[in-house]
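Notes to accompany the following structure.
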Amino acid sequence: MRDRKYLFSEYDWFSIEQNQVQKMEKEINATEGNYLLNTAVDDLARYFEDKFTIEVPALLREEIVVSQHETQVDVRNDPYRFIDDRSRPAYVQGTTVEVEIPFTGEAHVFKIQPVTFGLNLPYAEIRANVLILQIEGINLQAEVVRSEIDKMISKIDSYLDSLRGSADGLNRQLFGLARTAIESRRQKLLADSNLVGSLGFKIKGRPDSKKTFVVPEVRRKLSPTPPPASSAPFKPEPTLGNDDYEHILNVLENMAHVMERSPSAFKSMGEESLRSHFLVQLNGHYEGRATGETFNYEGKTDILVRSNGRNVFIAECKFWSGPKVLIETINQLLGYSSWRDTKVAVIVFNRNRDFSKVLASIPETVRSHPNYKRELPSGGETKFRYIFAHRDDVNREMFLAVLAFDIPSGDPETL
């Protein structure tokens, strides 16, 4: 057993699991403050998830290669041999069969003891991403050697399967744990910033503040890359709260349902007239601060809600005329939206078309946009929620809702 070590014997799984989470939280708490505040929470959480995910090895059986060489075999424990002094090695000429098994995953996992394990641990040597098994003896027979190889590989696979089940459970939790730690740190940083800002003095800059984020060394083959972020000091900005955003979307949705239930009243209305009804409802809730065709950033938008002189919600109204127009409408919203406009919506009116086909086209079309990041729970068959990257800053996240409504037939101009 020279140069061979027992596998799965150095660390227990529970210590590894606890240590992995603690290291991740420690690194989050050590991340430079402005970087953390300027980075999208989910992007940063996904980076830490990727970095601290444990990838259990998988043996590549189809790539196994074997070799043999002569060796000196110690036979002092062979009861069928006459040996004068069994306290000392007694070598005879023998053969070693070396089995090389490539594997994917992290080599250090072979050192971890699974939750369940036996007394007869497998042994092998690890060289880079190859597991080396050695079988030695005198007058070795092929069928015996093959049986021994299969038995050793099966035992190793059973240990890896046990570790894989434990690792999968940990890996599924990492994103949520990272997100919670990031949000907690952000809240503390913002509270500290607001405390200093409210004292009424000039704020002293830190000469040792990091301007860039350096990726620490990772033991895996591929190191995840941290998401990009501005190195400028973070400045808190007023934003529309999620509850208010949901309320605005509900107001728009309720108005559309009124149109669906009263077809005769809206049959001949075009887009501008339909939009005016939405504005009436919004102004009833937001004290006259919802306007139409309001110049904002670099274009005109259909519905704009302002609060304390700042834009907090932007929406575009369009009759459905195909995926191309939906992409153009999203581009319009991205063009209109300034840094503080992080919640936007597209209101799609369907008239004289197969509504089921329209609903099926919307998700596929939205996901094809280059600024699309991910989908959120929708809450209904005609409502779609997404996260988009801001046009000028990939790290700035924007909430995009697409609301689709089937309205009475008529002959307005299709936009």
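Take D42 and tell me if it is among the acidic types (D, E) and within 51 Å of the chain's Cα centre (by Cα). Against the criterion (among the acidic types (D, E) and within 51 Å of the chain's Cα centre (by Cα)), D42 qualifies. State whether the residues of region 19-35 include one that is part of a helix (DSSP H, G or I) and over 30 Å from R172 (Cβ atoms). Yes, region 19-35 contains at least one residue that is part of a helix (DSSP H, G or I) and over 30 Å from R172 (Cβ atoms).
Note on region 124-149: residues that are exposed (fewer than 12 other Cβ atoms within 10 Å of the Cβ), outside any loop (DSSP other than H, G, I, E, B) and of a type in the set (S, T, N, Q) amount to 1. Note on region 345-372: among residues that are free of Cβ contacts under 8 Å to residues at least 60 places away in the same chain and assigned to a strand (DSSP E or B), the one that is farthest from T39 (Cα to Cα) is N350.
Among the residues of region 23-34, at least one is among the basic types (K, R), in contact (Cβ under 8 Å) with a residue 12 or more places away in the chain and more than 30 Å from I132 (Cα to Cα). Scan region 356-392 residue by residue and report those that are hydrophobic (A, V, I, L, M, F, W, C) and surrounded by 16 or more Cβ atoms within 10 Å (Cβ to Cβ). V358, L359, I362, V366, F384, I387, F388, A389, listed by residue number. Scanning region 38-85 for residues that are of a type in the set (D, E) and under 16 Å from E100 (Cβ atoms) turns up E62, E63. Would a scan of region 50-63 turn up a residue that is in contact with a strand residue (DSSP E or B) (Cβ under 6 Å, 6 or more places away or on another chain), part of a helix (DSSP H, G or I) and over 23 Å from S166 (Cα atoms)? Yes, region 50-63 has at least one match.
Taken over region 91-123, the criterion of being assigned to a loop (DSSP other than H, G, I, E, B) and surrounded by fewer than 17 Cβ atoms within 10 Å (Cβ to Cβ) is satisfied by V115, T116, F117, G118, L119, N120, L121.
Where a number appears in this text, it was derived from the coordinates with a stated rule and is not lab data. Treat the numbers as computed from the prediction; the structure is a model and nothing was measured. Heads up, the Cβs are rebuilt from the backbone with ideal geometry, glycines too, and the neighbour counts pull from every protein chain shown.
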